Structure formats: structure tokens, C-alpha cells
Amino acid sequence: MGVVVASHVADVDEELLGLLETAVDAVLSHFGIPDAEVSVVLGDDELLHELNLAWRQVDAPTDVLAFALEEQEADEPFYDVAEGEPRLLGDVVISLPRAKTQAAEYGHDLSRELAFLAVHGALHLLGFDHHDEAERQQMRMYEEEILAKLGLGR
């Protein structure tokens, strides 16, 4: 599995970048998805605002965006790829300032919030969503299971 993490904000602790990689790897492992590639970008509110406006027509920053390279439902199988070739799942973009604010609001540390956002974004790449209550509950269940495996449960 390949998770590429990049930061577009200054002074980011390498451990936090490693945590993002570990969190996305945990999602892929949880669902038994081998040889997949995901990029994770840590940015600021300005970047997330621009992307949110361009891709979702929402004129506001947000905490995390996921850009899947293929549209699918969570229960659909992944497209076939040639043996030895990775599945290119897409990109997850996270706002570091928003993660810091939310960590303080929710009363947990930045590591847990960043891991949560990375897991949340990776689940979106796999076709999970939260348009209705049943979808939201299913997604939350997976988020909490995966975070608990990482030692970041509630």
C-alpha cells in the first residue's frame, strides 16, 4: 500500500505526517485493500476554501475533502487492475488550522483529530458517505473501530 503525505503548511511535526499515513493505511487494511495508493495533503483554511468552492460550490473552508478517482458505492467491488499495479484511490486534503480548532472544541489532542479526519477522508475514497442517518452511523462505526485499533479511541 502506498500513502503519500505532503504538507503545504510550515512547521509540521514529522510524527503528525506519519500518523496521517498510518491512519489511511489502517483504513485500507481494515477493508483488505492491498496495493492501493492515496495521497494526503495537509493544508490551510485558504486551500480548503478554494477547493471547496471549486469542487463543491461551497464558499467556506472545511476540515477535510476527499477526491476519489472513481465514483462507487461502498458495497461495490473495486475496478480490476493489472496484477502488480496499485489501485489509485484518490486524494484526501485536511485543514491543519481547522483540525487544531476542532481538537480543542472536542476536548482531545491534535493527533486524534488529524487521524479522525484522515480516516474519514479515506472512507469517502472507498465510497462511504453520510447523506442520511444510516450512512452516517455506519461511517462513524468504521471511524471509531479504526481509531480504536490505532489506540486513538474515545
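The values are calculated or read from the model by the stated rules, or taken from the named source; none is laboratory data. Worth saying up front: this structure is predicted, and the values here are computed from it rather than measured. Reconstructed Cβ throughout: ideal geometry from the backbone, glycine too, with neighbour counts over all protein chains shown.
The set of residues in the range 109-151 being touching a Lys or Arg at 6+ places or on another chain (Cβ under 8 Å) and closer than 23 Å to D11 by Cα consists of L110, E113. Residues in the range 56-84 that are in a loop (DSSP other than H, G, I, E, B) and modelled with pLDDT of 90 or more: Q57, V58, D59, A60, P61, T62, D63. If the condition is being in contact with an Asp or Glu (Cβ under 8 Å, 6 or more places away or on another chain) and crowded, with 20+ Cβ neighbours inside 10 Å, then the range 126-154 contributes only F128. If only residues of the range 95-154 that are part of a helix (DSSP H, G or I) and of a type in the set (S, T, Y) are counted, the one that is nearest to V27 (Cα to Cα) is Y142. Sub-7 Å Cβ pairs linking a first residue in the range 1-19 that is in a strand (DSSP E or B) to a second residue that is at pLDDT below 75, at least 6 apart or interchain, are G2/P86, ordered by first then second residue. Scanning the range 100-112 for residues that are in contact (Cβ under 8 Å) with a residue 12 or more places away in the chain and either surrounded by 23 or more Cβ atoms within 10 Å (Cβ to Cβ) or among the hydroxyl-bearing types (S, T, Y) (or both) turns up just one, S111.
Reported count of residues in the range 48-61, each being surrounded by 11 or more Cβ atoms within 10 Å (Cβ to Cβ), closer than 12 Å to V93 by Cβ and either aliphatic (A, V, I, L, M) or in contact with a Ser or Thr (Cβ under 7 Å, 6 or more places away or on another chain) (or both), is 4.
Anything in the range 35-54 that is in a helix (DSSP H, G or I), in contact with a strand residue (DSSP E or B) (Cβ under 7 Å, 6 or more places away or on another chain) and more than 20 Å from L16 (Cβ to Cβ)? List them, or say none. Residues satisfying the conditions are L51, N52.
Consider the range 11-26 and keep the residues that are over 14 Å from D91 (Cβ atoms) and of a type outside the set (D, E, K, R). The one that is surrounded by the most Cβ atoms within 10 Å (Cβ to Cβ) is A23. State which residue is nearest to L89 (Cα to Cα) when the search covers only the range 126-146 and only residues that are aliphatic (A, V, I, L, M) and free of Cβ contacts under 8 Å to residues at least 40 places away in the same chain. Only one residue fits best here, namely M139.
Would the range 41-51 turn up any residue that is over 19 Å from L110 (Cα atoms) and among the aliphatic types (A, V, I, L, M)?
Step one: filter the range 41-51 for residues over 19 Å from L110 (Cα atoms), giving 46-47, 49-51.
Adding the requirement that they be among the aliphatic types (A, V, I, L, M) leaves 47, 51.
For the range 41-51, residues over 19 Å from L110 (Cα atoms) and among the aliphatic types (A, V, I, L, M): present.
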